[in-house]
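Undergrad: Let me give you the structure first, and then I'll get to my questions.
The values are calculated or read from the model by the stated rules, or taken from the named source; none is laboratory data. Source: prediction; values computed, not measured. Note that each Cβ is placed from the backbone with ideal geometry, even for glycine, and that neighbours are counted across all protein chains shown. For the accessible areas, the whole protein counts, side chains as well, though only heavy atoms, and no ligand, DNA or RNA atoms are used. Shrake-Rupley method; radii C 1.70, N 1.55, O 1.52, S 1.80 Å.
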Amino acid sequence: MSDALVIFTPSGKRGRFALGTPVLTAARQLGVDLDSVCGGRGICSKCQITPGYGDFSKHGVHVAADALSDWNAVEQRYHDKRGLKSGRRLGCQAQIMGDVVIDVPAESQLHKQVIRKDAGTRPMVMDPATRLFFVEVTEPDMHEPSGDLERLAAALRAQWDVPEISMGLDVLRKLQPALRAGQWQVTVALFSDHSGGAAQVLDIWPGLYEGALYGLAIDLGSTTIAAHLCDLQGGQVVASAGIMNPQIRFGEDLMSRVSYAMMNPGGDVDMTRAVREALDTLIAELAADAGCNARQIMETVIVCNPVMHHLLLGVDPVELGQAPFALATSGALSLRAAELDLTALNPAARAYLLPCIAGHVGADAAAVALSEAPEQSDDLVLIVDVGTNAEILLGDKRRVLACSSPTGPAFEGAQISSGQRAAPGAIERIEIDPDTKEPRFRVIGSELWSDDPEFNATVTGICGSGIIEAVAEMRMAGLVDNSGLIGSYDQTGTWRSVAEGRTHSYLIHDASATGGPRITVTQGDIRAIQLAKSALYAGARLLMDEIGTDTVDRIVLAGAFGAHISPKHAMVLGMIPDAHLDRVTSAGNAAGTGARMALCSKAARAGIERTVTRIHKVETAIEPRFQEHFVAANALPHATAPFPELSRVVTLPQVSFNTGGSEGRRRRRG
């Protein structure tokens, strides 16, 4: 075969290209967001890419070691001058020689990602594990010999009631110079968490240190990583940043990554290295944005799902790929950040990982529980945190249940034909006129709708929130029937229904005449959204079955989805159970909020460690009712469950599109 299959991540765009085609050329032809300013001469280094090798079961490809051309003189020259990270290639120089999976790292993407997992504005209860203490230490005395460390410990005991301290070698080396420079007055950063034991001296300054002390709250997701740099003395978020998880090149969803580890010896090590490097890069970016130095960052709290949890720790996730889905540990972990190869913070900095609930319900779900406290609710609340792997909580003061549901990356805009991450130019809102079938939309970075005469924003693609609204609007406008089938021109009455082989797509925007993108919603896109939303709905219904109810009192949408999708569109798709729209609210990035709460409060850490032991996990993978709910939920909004609350605010056209040739007319039912 003369052509090779090329798959780009995180976009999911793919195509076949002749052997010898430069990676940059393939990226441009597919509309992949790969930067370059030097015209492919190997000067600017903007087009750096990372190829993946081995077996990729999700894609059905094996990437051989010679899938790209050999490292050439141009790459060597650039590497000698500026350096290339291990495993990186220049897209303008590397040529496609076989089937290959190629990751475009965040710094090589032209359109900078917009953080959709924003930090909330909730005030924090401040009781941090790391605090500053100013002490006066007695000078050494020939008649009472003791070490400087012992006299510092005595001063802390006498002046601050700190019973015991410990100190690492790096800090011990600073002790004597600091004491003498401060004339026996020093400020120490002490770490003392809820677990007890000796307080650890993380750093020391001569005299009174009046600078800032920072901590990091990190939401390590399967597709995106969001981090917030927080002031440990006041709780304020001083900088936020987000990047795509580079592990996407090994598999878009969790099971694909577990499969990669199973099929490729050392694959788990590669994924661990990739995510740790990404975290270090993100931390350095945050420090630069905030104008602080690494020494001031003393702590990090990390929340993530169990597969990400294990890969971050360097634990092979193979046991999570098969029943009974055993975790290496479900308890909270307190580590030195250096053990995770995090170097862009204080060398003595601490890392805290919230406890996992069970199986595939991880520390991110625990963080959501900490943030939203369902165990304190008087009414029955359903909390849905949507991502590549959705975490769902249902309960009240009497009982709390939890499950995870493998929704896949469609809600993040991945594996969608015109999909992209949230970046300026991405369509994030859309409305379709039910009479004319004409769309209007808004893109990230502009407050104007596309039908505004002054709208002149560059349109680059459609992100997760945009594709969700697009499918829901198509259903409300009668462009898609109950089964999810897109109608033809004759059936819908609009030229925007375009034939694509045996199926149709809906054209949202066409700038191809001026070299821009042609943005459509294809039948494949509809199916991807159907599969994702069905998994989400089935998980929620499974918990409702376990409780013994057909209704919930209120629904909380968490995560990037919850902050950017209207409850009406979610219900039109059947992503969530029916409820009065006034009882559906957004919690924003609840997992990130939970991470911040744990960062700022020792009591919050102790509290969530107690709470998770009382949350009952329901396993979707072995529950036959999950499959029943999943199949019924493939319809839009649902094949069997009534949605009376939705019908009060939206009238869904009862259409069915016949795919059988000349009689392709709209059939009205009821």
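Undergrad: Do we find that residue 401 is touching a helix residue (DSSP H, G or I) at 6+ places or on another chain (Cβ under 7 Å) and in a strand (DSSP E or B) in this structure? Talk me through it step by step, then tell me what you get.
TA: On the way: touching a helix residue (DSSP H, G or I) at 6+ places or on another chain (Cβ under 7 Å): yes; in a strand (DSSP E or B): yes.
Yes: the conditions hold for residue 401.
Undergrad: Condition first: open to solvent by 100 Å² or more (accessible area, probe 1.4 Å) and either touching a residue at least 40 places away in the same chain (Cβ under 8 Å) or among the acidic types (Asp, Glu) (or both). Now tell me which residues in segment 157-171 satisfy that.
TA: Matches in segment 157-171: 161, 164.
Table: residues versus (1) of a type in the set (D, E, K, R); (2) touching a Ser or Thr at 6+ places or on another chain (Cβ under 6 Å); (3) in contact (Cβ under 8 Å) with a residue 12 or more places away in the chain; (4) farther than 18 Å from residue 270 by Cβ.
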site	(1), (2), (3), (4)
6	no, no, yes, yes
20	no, no, yes, yes
29	no, no, yes, yes
68	no, no, yes, no
99	yes, no, yes, yes
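Undergrad: Also, I was wondering about something else. Would you mention how many residues in segment 350-372 are at pLDDT below 95, among the small types (Gly, Ala, Ser) and not in a helix (DSSP H, G or I)?
TA: Looking only at that region, the number is 3.
Undergrad: Also, quick follow-up: When segment 284-296 is examined, which residues are found to be outside any helix (DSSP H, G or I) and open to solvent by less than 50 Å² (accessible area, probe 1.4 Å)?
TA: Residues of segment 284-296 outside any helix (DSSP H, G or I): 291-293.
Once the filter is applied, which keeps residues that are outside any helix (DSSP H, G or I) and open to solvent by less than 50 Å² (accessible area, probe 1.4 Å), segment 284-296 yields only 292.
Undergrad: Next question. Looking at 598, 606, 590, 558 in this structure, which one is of a type in the set (A, V, I, L, M) and closer than 25 Å to residue 527 by Cα? Let's see the steps before the verdict.
TA: On the way: 598 fails: closer than 25 Å to residue 527 by Cα; 606 fails: closer than 25 Å to residue 527 by Cα; 590 fails: closer than 25 Å to residue 527 by Cα.
Every option except 558 fails the conditions.
Undergrad: Given the structure, is residue 338 open to solvent by 10 Å² or more (accessible area, probe 1.4 Å), at pLDDT 95 or above, on the phi < 0 side of the Ramachandran plot and hydrophobic (A, V, I, L, M, F, W, C)? Give the derivation first.
TA: Working: open to solvent by 10 Å² or more (accessible area, probe 1.4 Å): yes; at pLDDT 95 or above: yes; on the phi < 0 side of the Ramachandran plot: yes; hydrophobic (A, V, I, L, M, F, W, C): yes.
Answer is yes for this residue.
Undergrad: Another question, then. Identify, by number, the condition in (1) open to solvent by 10 Å² or more (accessible area, probe 1.4 Å); (2) in a loop (DSSP other than H, G, I, E, B) that residue 42 doesn't meet.
TA: (1)
Undergrad: Go through segment 480-505 and report how many residues are among the hydrophobic types (A, V, I, L, M, F, W, C), surrounded by 16 or more Cβ atoms within 10 Å (Cβ to Cβ) and farther than 21 Å from residue 533 by Cα. Write out each step before concluding.
TA: We begin by selecting, within segment 480-505, every residue among the hydrophobic types (A, V, I, L, M, F, W, C); these are 480, 485-486, 495, 498-499.
Restricting the remaining residues to those that are surrounded by 16 or more Cβ atoms within 10 Å (Cβ to Cβ) gives 480, 485-486, 498.
Right, trim to farther than 21 Å from residue 533 by Cα and you get 498.
Matching residues across segment 480-505 total 1.
Undergrad: Can you find a residue that is basic (Lys, Arg), assigned to a strand (DSSP E or B) and either closer than 28 Å to residue 82 by Cβ or modelled with pLDDT under 90 (or both) anywhere in segment 2-22?
TA: Yes, segment 2-22 contains a residue that is basic (Lys, Arg), assigned to a strand (DSSP E or B) and either closer than 28 Å to residue 82 by Cβ or modelled with pLDDT under 90 (or both).
Undergrad: Of the residues that make up segment 67-74, is at least one surrounded by fewer than 12 Cβ atoms within 10 Å (Cβ to Cβ), part of a loop (DSSP other than H, G, I, E, B) and modelled with pLDDT of 85 or more? Give the steps one after another, and end with the answer.
TA: Residues of segment 67-74 surrounded by fewer than 12 Cβ atoms within 10 Å (Cβ to Cβ): 70, 73.
Keeping just the survivors that are part of a loop (DSSP other than H, G, I, E, B) gives 70.
Narrowing the set further to residues that are modelled with pLDDT of 85 or more leaves 70.
Yes, because at least one residue in segment 67-74 is surrounded by fewer than 12 Cβ atoms within 10 Å (Cβ to Cβ), part of a loop (DSSP other than H, G, I, E, B) and modelled with pLDDT of 85 or more.
Undergrad: Can you work out which of the residues in segment 206-224 that are of a type outside the set (S, T, N, Q), in contact (Cβ under 8 Å) with a residue 40 or more places away in the chain and assigned to a loop (DSSP other than H, G, I, E, B) is most open to solvent (accessible area, probe 1.4 Å)?
TA: For segment 206-224, the residue satisfying everything is 208.
Undergrad: Oh, and also: Can you find a residue in segment 297-309 that is in a helix (DSSP H, G or I), crowded, with 20+ Cβ neighbours inside 10 Å, in contact with a Cys (Cβ under 8 Å, 6 or more places away or on another chain) and not polar (S, T, N, Q)? Step through it out loud before you land on a result.
TA: In the first step, residues of segment 297-309 are kept if they are in a helix (DSSP H, G or I); the result is 306-309.
Among the residues that remain, those that are also crowded, with 20+ Cβ neighbours inside 10 Å are: 306-309.
Add one more test, that the residue is in contact with a Cys (Cβ under 8 Å, 6 or more places away or on another chain), and what stays is 306, 309.
Narrowing the set further to residues that are not polar (S, T, N, Q) leaves 306, 309.
Checking segment 297-309: at least one residue is in a helix (DSSP H, G or I), crowded, with 20+ Cβ neighbours inside 10 Å, in contact with a Cys (Cβ under 8 Å, 6 or more places away or on another chain) and not polar (S, T, N, Q).
Undergrad: Consider segment 419-430. How many of its residues are open to solvent by less than 10 Å² (accessible area, probe 1.4 Å) and either closer than 26 Å to residue 552 by Cβ or outside any loop (DSSP other than H, G, I, E, B) (or both)?
TA: Total satisfying the criteria: 4.
Undergrad: Quick one: residue 91 ticks every box in (1) over 13 Å from residue 249 (Cβ atoms); (2) surrounded by fewer than 19 Cβ atoms within 10 Å (Cβ to Cβ); (3) not polar (S, T, N, Q) bar one, so which box is it?
TA: So the condition that residue 91 fails would be (2).
Undergrad: Then there is this: Considering only residues that are within 33 Å of the chain's Cα centre (by Cα), under 23 Å from residue 433 (Cβ atoms) and surrounded by 15 or more Cβ atoms within 10 Å (Cβ to Cβ), which ones fall in segment 644-661?
TA: Those that are within 33 Å of the chain's Cα centre (by Cα), under 23 Å from residue 433 (Cβ atoms) and surrounded by 15 or more Cβ atoms within 10 Å (Cβ to Cβ): 646, 650, 652.
Undergrad: Further question: Which condition from (1) surrounded by 20 or more Cβ atoms within 10 Å (Cβ to Cβ); (2) assigned to a loop (DSSP other than H, G, I, E, B) is the one that residue 435 breaks?
TA: (1)
Undergrad: Would you say residue 63 is without any contact (Cβ under 8 Å) to a residue 40 or more places away in the chain, open to solvent by less than 40 Å² (accessible area, probe 1.4 Å) and among the aliphatic types (A, V, I, L, M)? Walk me through it before giving the result.
TA: Numbers: without any contact (Cβ under 8 Å) to a residue 40 or more places away in the chain: yes; open to solvent by less than 40 Å² (accessible area, probe 1.4 Å): yes; among the aliphatic types (A, V, I, L, M): yes.
The answer is yes for residue 63.
Undergrad: Among the residues of segment 462-476, is any assigned to a loop (DSSP other than H, G, I, E, B), charged (D, E, K, R) and closer than 25 Å to residue 567 by Cβ? Don't jump to the end; show me each part of the working.
TA: Residues of segment 462-476 assigned to a loop (DSSP other than H, G, I, E, B): 463.
The next check asks that each one be charged (D, E, K, R); those that pass are none.
The answer is no; no qualifying residue exists.
Undergrad: Looking at 383, 416, 392, which is the one that is outside any helix (DSSP H, G or I), of a type in the set (Val, Ile, Thr), within 21 Å of residue 245 (Cα to Cα) and open to solvent by less than 10 Å² (accessible area, probe 1.4 Å)? If you could, list the steps in order and put the result at the bottom.
TA: On the way: 383 fails: within 21 Å of residue 245 (Cα to Cα); 392 fails: within 21 Å of residue 245 (Cα to Cα).
Answer to the check: 416.
Undergrad: Let me ask you something else. Name the residue, out of 430, 467, 462, that is closer than 26 Å to residue 382 by Cα and in contact with a Gly (Cβ under 8 Å, 6 or more places away or on another chain). Can you show your working first?
TA: Working: 430 fails: closer than 26 Å to residue 382 by Cα; 462 fails: closer than 26 Å to residue 382 by Cα.
Step by step, each of 430, 467, 462 is checked, and only 467 is closer than 26 Å to residue 382 by Cα and in contact with a Gly (Cβ under 8 Å, 6 or more places away or on another chain).
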